[in-house]
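First comes the structure, then the notes that go with it.
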Amino acid sequence: LEANVELPLVLRGRQVFHLLHGELDKAQEFASQLLDLAEQERNPALTVGGYHALGQTLFQLGNLIAARSVVEKGIALFDPTHHRLSNWSGGQPGEQCYLYSAFAQWMLGYPDQALARSEKALAMAKELPNPANLINTLCFVANVRVLCKELVAAQQTAKATMEISAEHGNSFFLGHGTILHGWAQCAQGLVEEGVAEIERGIAICRATGARTWIPHFLGLQAEAYGQAKRIDDGLSSISEALALVEETEQRCWHAELSRIKGTLLLAGSSNDRDDAEECFFRALEIARHQEAKSWELRAAVSMARLWQRQDRSEEAIKLLEDIFGWFTEGFDTGDVKETKDLLLDLRPPHGVPVN
């Protein structure tokens, strides 16, 4: 094999194969080899590809700080005029670096920067007449909008993903877009329709054999089942998701899955507050370990609502103030607004000032 032509594509192919099958250690190994080779060859385009490959793998592992650092190097190097790659598996590396930066930035507590990164990726993808790249980019932008709880925008982008994926026969992103579209429907009150879409989307994704992203999908499904009062189904989805996290090390979703499990336990007929509280503590622990401030914020809100019901408002206020006070942006995004509203509800009329 010629090192500067075929070997990088082989390494990328192996990395993608192991990534999709949830074998993240092997995926990281091949991504590192790819990046090392690209740097040795002094090939900027392939180096951006190496940063993309390594960054997406580190992200799935939950190594958010490292993932952000890697893809930001790719962004700094990327020149859209000269650094396009043909025969590259997945979306173009430049756009993908922006998108994985967006995912990491959101989880690390920078929702405005996450949205800006994702919009930049979409603008670049629309300039490039490459359907595969546009499909990938649209779907990941929809994911960022779901994370930010921009419901209408998430639904519209997911629908666009579904349409172009169906047109070009891309089953995984058709399923992925369908799940996101269904979640956005549920969040806007169309619960029955949304649940059916999520179930259909997960079935499509499973049929491809992919295992990466499945914990995220199952978490969205569990939330939807909770809205539909199908608590046992929701807990079943969460149990499968958490088992898959342990098996594959897809740790980026771990804190949120634990939080969702707690909310479902509270909504069940047994109203299991002790186990729910344990789930929220676990979610906080995982999020803090990963420095995932947005997951920590969500877990804190869930815990605070539980403590509010137990007449433990002072503890709830302290928990929320500590994490809310950390945020410097995103005050128009869903989770931050929800936290602000809950603080106002918990405190007396002339309580803590909020941004």
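The values are calculated or read from the model by the stated rules, or taken from the named source; none is laboratory data. Note that the structure is a prediction, hence the values are computed from the model and not measured. Cβ coordinates were reconstructed from backbone atoms using ideal geometry, including for glycine residues, and neighbour counts include every protein chain displayed. Only protein heavy atoms, including side chains, enter the accessible area calculation; ligands, DNA and RNA are left aside. Shrake-Rupley method; radii C 1.70, N 1.55, O 1.52, S 1.80 Å.
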query = Inside the stretch 49-66, can you point out the residues that are open to solvent by 10 Å² or more (accessible area, probe 1.4 Å) and touching a Cys at 6+ places or on another chain (Cβ under 8 Å)?
reply = TYR51, LEU61
ask   = Restricting attention to the stretch 64-87, does a residue exist that is on the phi > 0 side of the Ramachandran plot, over 18 Å from the mean Cα position of the chain (by Cα) and in contact (Cβ under 8 Å) with a residue 40 or more places away in the chain?
value = yes
remark   = Taking the stretch 11-36 and the residues there that are open to solvent by less than 20 Å² (accessible area, probe 1.4 Å) and either of a type outside the set (A, V, I, L, M, F, W, C) or touching a strand residue (DSSP E or B) at 6+ places or on another chain (Cβ under 8 Å) (or both), the one that is farthest from PRO215 (Cα to Cα) would be ARG12
note = Within the stretch 99-120, the residues that are touching a residue at least 24 places away in the same chain (Cβ under 8 Å) and aliphatic (A, V, I, L, M) are LEU99, ALA102, ALA104, MET107, LEU108, ALA114, LEU115
ask   = Is it fair to say ARG84 is touching a Leu at 6+ places or on another chain (Cβ under 9 Å), open to solvent by 60 Å² or more (accessible area, probe 1.4 Å) and either modelled with pLDDT of 95 or more or β-branched (Val, Ile, Thr) (or both)?
value = no
inquiry  = Residue pairs, Cβ under 9 Å, 6 or more apart or interchain, first in the stretch 302-331 and closer than 23 Å to GLU291 by Cβ, second open to solvent by less than 60 Å² (accessible area, probe 1.4 Å) and among the basic types (Lys, Arg). List them.
reply    = SER302/ARG259; MET303/ARG259; ILE323/LYS293; TRP326/LYS293; PHE327/LYS293
note = Flagged in the stretch 121-138 as open to solvent by 50 Å² or more (accessible area, probe 1.4 Å), within 23 Å of TRP213 (Cα to Cα) and either small (Gly, Ala, Ser) or free of Cβ contacts under 8 Å to residues at least 12 places away in the same chain (or both), in numbering order, are ALA132
request  = Select from the stretch 204-244 the residues that are under 28 Å from ALA27 (Cα atoms) and either open to solvent by 40 Å² or more (accessible area, probe 1.4 Å) or in a loop (DSSP other than H, G, I, E, B) (or both) and list them in ascending order.
outcome  = ILE204, ARG206, ALA207, THR208, GLY209, ALA210, ARG211, THR212, TRP213, SER239, GLU240, ALA243
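Please tell me if ALA114 is of a type in the set (Gly, Ala, Ser), open to solvent by 20 Å² or more (accessible area, probe 1.4 Å) and over 23 Å from HIS21 (Cβ atoms).
no
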query = Mind checking which pairs have a first residue in the stretch 144-165 that is at positive phi and a second that is open to solvent by 30 Å² or more (accessible area, probe 1.4 Å) and of a type outside the set (Lys, Arg), Cβ under 6 Å, 6 or more apart or different chains?
reply = none
